[in-house]
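Engineer: Before we start, here is the structure in question, set down as structure tokens.
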Amino acid sequence: MIQIDNVSFSYDLGKTNVLRNISLDIPEKKVTSFIGPSGCGKSTLLRCLNRMNDLVETSRVTTGEIRIMDKNINAKDVDAIELRKNIGMVFQKYNPFPKSIYDNVAYGLRIQGIKKKDILDAAVEKALRGAALWDEVKDRLKDSALGLSGGQQQRLCIARTTAVQPKIILMDEPCSALDPIATAKVEELITELRNDYTIVIVTHSMQQASRISDKTAFFYLGELIEYADTDTIFQNPAQKQTEDYISGRFG
Amino acid sequence: MDTKGHILTEFDDALTSLKKNTIAIGTLAQKNLENALSGLTQRDTALCNQVIADDEEVDQLEMQIDNDSLQVMAKFRPFASDLRMVISSMKITHNLERISDHAVSIAKRSRKIIKNSEIDEISYIEPAYHQALKMLQISLQSYSDSSTELALEVLSMDTDLSKFHKQATKTYTKRLEEPCDHYKTYLNLVFIVRWIERVGDLATNIAEDVIFMQSAQDIRHGGDLED
Ligand SMILES: Nc1ncnc2c1ncn2[C@@H]1O[C@H](COP(=O)(O)OP(=O)(O)OP(=O)(O)O)[C@@H](O)[C@H]1O
Ligand SMILES: [Mg+2]
């Protein structure tokens, strides 16, 4: 689904590479976790996948290429906006728009030019049901999204992302601001979304990575140290650095 | 375990204490086995009674280790080799508790044997006993040294143990085939040598647990150890 092929990445026109020679294949309709200590480049790599780093003018992919559905996403003819239609992103700090619950979910569809009320209604309901939020909000769709609890806001952001039916969903620490119950709900949701989407998630929680992901990649100082089935990473990793990190040993 | 300490020293302390207690229960189980056999060969009823009393301590320690292991898992959520270390310690403890139970069974039979007159053929259990005891000692050493080599050595000793077990059993059943004064004693000895063989099997289980702890490979039920 996503092939990352010998990718190096720099924020300063190639003076320093914060990612070095990363290669990994992310499978379709599976959950892949990125783990590793702070600053190792997890978010950077995630943002490479939907070209969010384009926003930093001096940023460059300095070696290698990223192919999504067999297309080099940094090729000249690929439009970043077009690319992002297929790739939704959910952030650590849930960020609903200061609009109604309904408008938040309908937002992406309206951008795509969909205006018909019955189509929008159906898509909003489907996305909210998919995010396990429908029952909690169906009677107050017109209320402001900001009136929801943190966990509900994060699930709303997921619904907003899935409403436009992307192929891939990127999540950068989606539960770090949530309590354990809200976290469990989001995790359950991720597990269900796996049936329809390819999910890449950055997390600092080893428990979370081991619970929800099929594949896990461990990064350290800009390098990919180990990439394997999640069970292998957490039960019997091949690399000592991986074991030390997941076991909470001095790095 | 690893040379590198955990960021939480409390986690290191908990694992160290788990290991210490597992070794302690091993020492007790081994002592009980040795006392049961000394009780028999030296015709010492007091020593046999002591084995039965000391088994209490083994049971207590087993419960404590189970409890501590649960605590470690709930509190520190161990992964990879740490997790295997906790699981293996629980399993090893369970095997040791059963070894101590067998020592109790041996001690109880020995008390009966001692009540009857002495026979020379008691010495036929000795090859099996020494083999089983050695297997237990080496399996405990393999756990405390985290040594796969020692564990493999235990596995290689099982064939001889079976041989010694068969020889002793054959000797005693042969005696039982003819009318004799000591048939109760021979029968009890058949039981005892059977428990001794079980001790060897349990030592083999311990060795397999150590191999799993060290290499994450399950070699039970015919699995082979890869490099
Ligand atoms: N916009 C930026 N401009 C310049 N450097 C950046 C930028 N964003 C990140 N970096 C640097 O790139 C490196 C990797 O950062 P990144 O945010 O990808 O790490 P991370 O693994 O996501 O860390 P964390 O777990 O703390 O979120 C760091 O050295 C960071 O300082
Ligand atoms: Mg990050």
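Engineer: What are the residues in segment A:221-239 that are part of a loop (DSSP other than H, G, I, E, B) and surrounded by fewer than 20 Cβ atoms within 10 Å (Cβ to Cβ), if any? Spell out the reasoning first.
Structural biologist: First pass over segment A:221-239, keeping only residues part of a loop (DSSP other than H, G, I, E, B): A:221-222, A:236-239.
Across segment A:221-239, the qualifying residues are A:221, A:236, A:238, A:239.
Engineer: Would you be able to say whether some residue in segment A:37-53 is touching a Phe, Trp or Tyr at 6+ places or on another chain (Cβ under 9 Å), more than 14 Å from chain B (Cβ to nearest Cβ), away from ligand 2 (no atom under 16 Å from the Cβ) and open to solvent by 10 Å² or more (accessible area, probe 1.4 Å)?
Structural biologist: Here is the first cut: in segment A:37-53, the residues touching a Phe, Trp or Tyr at 6+ places or on another chain (Cβ under 9 Å) are A:37, A:40-46, A:48, A:53.
When the remaining residues are screened for being more than 14 Å from chain B (Cβ to nearest Cβ), the result is A:40-46, A:48, A:53.
If we keep only those that are away from ligand 2 (no atom under 16 Å from the Cβ) as well, we get none.
No.
Engineer: Any residue at all in segment B:71-81 that is away from chain A (no Cβ under 14 Å), part of a helix (DSSP H, G or I) and either on the phi < 0 side of the Ramachandran plot or without any contact (Cβ under 8 Å) to a residue 40 or more places away in the chain (or both)?
Structural biologist: Just the residues of segment B:71-81 that are away from chain A (no Cβ under 14 Å), to begin with: B:71.
Narrowing the set further to residues that are part of a helix (DSSP H, G or I) leaves B:71.
Pick out the ones that are also either on the phi < 0 side of the Ramachandran plot or without any contact (Cβ under 8 Å) to a residue 40 or more places away in the chain (or both) and you get B:71.
Yes, some residue in segment B:71-81 is away from chain A (no Cβ under 14 Å), part of a helix (DSSP H, G or I) and either on the phi < 0 side of the Ramachandran plot or without any contact (Cβ under 8 Å) to a residue 40 or more places away in the chain (or both).
Engineer: Can you spot a residue in segment A:204-216 that is assigned to a strand (DSSP E or B), open to solvent by less than 40 Å² (accessible area, probe 1.4 Å) and within 12 Å of another protein chain (Cβ to nearest Cβ)?
Structural biologist: We begin by selecting, within segment A:204-216, every residue assigned to a strand (DSSP E or B); these are A:215-216.
If we keep only those that are open to solvent by less than 40 Å² (accessible area, probe 1.4 Å) too, we end up with A:216.
Still in the running and within 12 Å of another protein chain (Cβ to nearest Cβ): A:216.
For segment A:204-216, residues assigned to a strand (DSSP E or B), open to solvent by less than 40 Å² (accessible area, probe 1.4 Å) and within 12 Å of another protein chain (Cβ to nearest Cβ): present.
Engineer: All but one of (1) open to solvent by 50 Å² or more (accessible area, probe 1.4 Å); (2) without any contact (Cβ under 8 Å) to a residue 40 or more places away in the chain; (3) more than 20 Å from residue B:34 (Cβ to Cβ) hold for residue B:169, so report the exception by its number.
Structural biologist: (1)
Engineer: If a residue has to be among the small types (Gly, Ala, Ser) and touching a residue at least 60 places away in the same chain (Cβ under 8 Å) to count, how many in segment A:57-109 make the cut? Spell out how you get there, then give the answer.
Structural biologist: Start the filter on segment A:57-109 by keeping residues that are among the small types (Gly, Ala, Ser), which leaves A:59, A:64, A:75, A:80, A:88, A:100, A:106, A:108.
Right, trim to touching a residue at least 60 places away in the same chain (Cβ under 8 Å) and you get A:64, A:88.
Going through segment A:57-109 one residue at a time, the tally reaches 2.
Engineer: Here is a further query. I'm trying to understand the selection: among the residues of segment A:91-135, which are open to solvent by less than 80 Å² (accessible area, probe 1.4 Å), touching a strand residue (DSSP E or B) at 6+ places or on another chain (Cβ under 8 Å) and within 16 Å of ligand 2 (Cβ to nearest atom)?
Structural biologist: A:91
Engineer: Read through the list (1) at pLDDT 95 or above; (2) over 25 Å from residue B:92 (Cα atoms); (3) buried (at least 16 other Cβ atoms within 10 Å of the Cβ); (4) not hydroxyl-bearing (Ser, Thr, Tyr), then give the number of the only condition that residue B:138 fails.
Structural biologist: Just one mismatch for residue B:138, condition (2).
Every residue, every condition in (1) touching a Lys or Arg at 6+ places or on another chain (Cβ under 8 Å); (2) closer than 17 Å to residue A:23 by Cα, yes or no:
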residue: A:168; (1), (2): no, no
residue: A:183; (1), (2): no, no
residue: A:194; (1), (2): yes, no
residue: A:204; (1), (2): no, no
residue: A:212; (1), (2): no, no
residue: A:221; (1), (2): no, yes
residue: A:225; (1), (2): no, yes
residue: A:228; (1), (2): yes, yes
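Yes/no per residue for (1) more than 12 Å from chain B (Cβ to nearest Cβ); (2) under 14 Å from the mean Cα position of the chain (by Cα); (3) under 28 Å from residue B:214 (Cα atoms); (4) assigned to a helix (DSSP H, G or I):
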{"position": "A:152", "(1), (2), (3), (4)": "yes, no, no, yes"}
{"position": "A:155", "(1), (2), (3), (4)": "yes, yes, no, yes"}
{"position": "A:176", "(1), (2), (3), (4)": "yes, yes, no, no"}
{"position": "A:181", "(1), (2), (3), (4)": "yes, no, no, yes"}
{"position": "A:200", "(1), (2), (3), (4)": "yes, yes, no, no"}
{"position": "A:219", "(1), (2), (3), (4)": "yes, no, yes, no"}
{"position": "A:241", "(1), (2), (3), (4)": "no, no, yes, yes"}
{"position": "A:244", "(1), (2), (3), (4)": "no, no, yes, yes"}
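Engineer: Scan segment B:112-120 and give yes if some residue there is away from chain A (no Cβ under 14 Å) and buried (at least 20 other Cβ atoms within 10 Å of the Cβ), otherwise no. Steps first, please.
Structural biologist: Step one: list which residues in segment B:112-120 are away from chain A (no Cβ under 14 Å), which gives B:112-120.
Add one more test, that the residue is buried (at least 20 other Cβ atoms within 10 Å of the Cβ), and what stays is B:113.
Within segment B:112-120, one or more residues are away from chain A (no Cβ under 14 Å) and buried (at least 20 other Cβ atoms within 10 Å of the Cβ).
The values are calculated or read from the model by the stated rules, or taken from the named source; none is laboratory data. Please read all numbers here as calculations on a predicted model, not as lab measurements. In this analysis, Cβ positions are derived from the backbone assuming ideal geometry, glycine residues included, and neighbour counts consider all displayed protein chains. What goes into the accessible areas is simple: the full protein's heavy atoms, side chains included, and nothing from ligands, DNA or RNA. Shrake-Rupley method; radii C 1.70, N 1.55, O 1.52, S 1.80 Å.
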